[in-house]
Amino acid sequence: MATREGCHCPGAGGQNNNNSILYHILKNDRLTTTEEQQTTPKPQQHQQHRWHRVSSCSSSSSSSSRLELRQQQACSCGSSRRRGSLRSPQVTCKAASAVLVKTLRFVKNVPCFRELPEDDQLLLVRNCWAPLLVLGFAQDRVDFETTETAEPSMLQRILTGGSGSQSGLTDRQGEPLLEQSTETPGVSLADIQGIKAFLKKCWGLDISTKEYAYIKGAVLFNSDLPGLRYLHYIQSLRREAHQALNEHVKLIHRDDTTRFAKLLITLSMLRAISPPVVAQLFFKPVIGAVNMEDVLLEMFYGK
């Protein structure tokens, strides 16, 4: 657990302040509905942030989480090598682009994020844009259909001179994400199944707008990333997001004592969703072999 000792992050010193920016900005209906209203909240004064302790999940919840991940990754002998692509790429890519714009707008509207140095902002955006995008799919009820693509034989690979390793990126099975047009399009079916399983889980829980906002906060402030300058500060923001989610669930779903654990399990499923897979499945069919980091920089910073 992070402590104040040795921490030079903004808001880490001084007395505790019960008016945490993250806590209240996520509880504010104006921010949680920003994506629908497409408005920008008024600037807020800098305030210190309180530190919250989040109770750990029970061992049964942890076991359930591991079971969910195993089920998500489980597949038949051939599915790890079978690949799929969008059935209607133009329609789905357009929807994905709209969700990406709303996702980046949400991130920009969190004052705590804007307080971070640009290096930390960039690191967080690079690593969270894909899970946040899939969360946006779930919130906006964006579904998609895929079709299985034929994998070329070894002779076809030799004749086309493609090894499938030009991109340097791999999916969860270690299969290369292909760059050349002569290679097999799409991504692993197991990755597609993982994304669809996550969407189904979210829709089954009927997650509210505020719950989505708290979950996005927990995803955005990922303190597990190496190289963060304000690590302790980001850790505290992540704990605040979990605490806000827990308090909201206790208030709204008093009769459902397992809902918070279920939401944490759903959150853990995002870890298996790979940004390169999301980029290749939802954006490459339209924008081609474009570096997604360049796209994100242009959209987020206007660079």
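The values are calculated or read from the model by the stated rules, or taken from the named source; none is laboratory data. Treat the numbers as computed from the prediction; the structure is a model and nothing was measured. Note that we place each Cβ from the backbone using ideal geometry, even for glycine, and neighbour counts take in every protein chain shown. For accessibility, only protein heavy atoms count, side chains too; no ligands or nucleic acids. Shrake-Rupley method; radii C 1.70, N 1.55, O 1.52, S 1.80 Å.
Annotations
- Among the criteria (1) part of a helix (DSSP H, G or I); (2) of a type in the set (A, V, I, L, M); (3) open to solvent by less than 60 Å² (accessible area, probe 1.4 Å); (4) in contact with a Leu (Cβ under 7 Å, 6 or more places away or on another chain), the one L225 does not fulfil is (1).
- Subset of segment 128-147 (residues that are in a strand (DSSP E or B) and either surrounded by 13 or more Cβ atoms within 10 Å (Cβ to Cβ) or modelled with pLDDT under 70 (or both)): T146
- Any chance V249 is surrounded by 21 or more Cβ atoms within 10 Å (Cβ to Cβ) and either over 13 Å from the mean Cα position of the chain (by Cα) or among the small types (G, A, S) (or both): yes
- Of all residues in segment 88-127 being in a helix (DSSP H, G or I) and among the polar types (S, T, N, Q), the one that is most open to solvent (accessible area, probe 1.4 Å): Q90
- Restricting attention to segment 236-262, the residues being farther than 17 Å from T209 by Cβ, assigned to a helix (DSSP H, G or I) and charged (D, E, K, R) number 5.
- Selection of helices (runs of 4 or more DSSP H) fully inside segment 263-303 by the criterion of at least 2 residues being in contact with an Asp or Glu (Cβ under 8 Å, 6 or more places away or on another chain) returns 275-282.
- When L264 is tested against (1) under 21 Å from W129 (Cβ atoms); (2) open to solvent by 20 Å² or more (accessible area, probe 1.4 Å), just one condition goes unmet, and that condition is (1).
- Among residues of segment 194-210 that are in contact (Cβ under 8 Å) with a residue 60 or more places away in the chain and among the basic types (K, R), those with a beta-carbon under 7 Å from a residue that is assigned to a helix (DSSP H, G or I) and surrounded by 15 or more Cβ atoms within 10 Å (Cβ to Cβ) at least six positions away or on a different chain give the pairs K201/T266; K201/M269; K210/T32; K210/H248.
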